[in-house]
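Heads up, the thing below is written out as structure tokens.
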Amino acid sequence: MFGVMFLFLILPQQRRAKRERNFKNNLKKGDLIVTKGGIHGKVIEINDSNDTCVIETMAGKVKVERSLISQEMSKQRSSNGKK
């Protein structure tokens, strides 16, 4: 019973958390991102000391916690442009 629970619940959650942690650690200037609140922007500054970054949106610059960044749009936009 524990083995089935581990395979279907715990292991996928650990993999997802590892992917998210790697994504947030590999952010760099110029990446197009979306925050968990739905704000689209471009990373213009990363501050490792307090784990924040500054993103540029159409309305101006916004300082957000790295944990609020949901996904990167740079790869999706480049693949959509090739079609």
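Read-outs: derived from the displayed coordinates by stated rules, not from any lab. Predicted model only: the values in this text are computed from it and were never measured. Please note: Cβ atoms are built from the backbone with ideal geometry, for glycine as well, and neighbour counts cover all protein chains shown.
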Compare the peptides 66-73, 17-24, 4-11 by average per-residue count of other Cβ atoms within 10 angstrom and give them in order, highest first. 66-73, 17-24, 4-11
Enter the angle in degrees (range 0 to 90, nearest 10) between the Cα long axis of helix 11-25 and the first principal axis of the Cα atoms of the chain, meaning the one along which they spread out most. 20
At 222 nm, what value in deg cm²/dmol follows for the chain if DSSP H runs of at least 4 each add -39500 (n - 2.57) and the sum is divided by all its residues, to the nearest 500? -9500 deg cm²/dmol
Taking the convex hull of the alpha-carbon atoms of the range 2-82 and averaging its shadow over every direction gives an area in square nanometres of 7.1
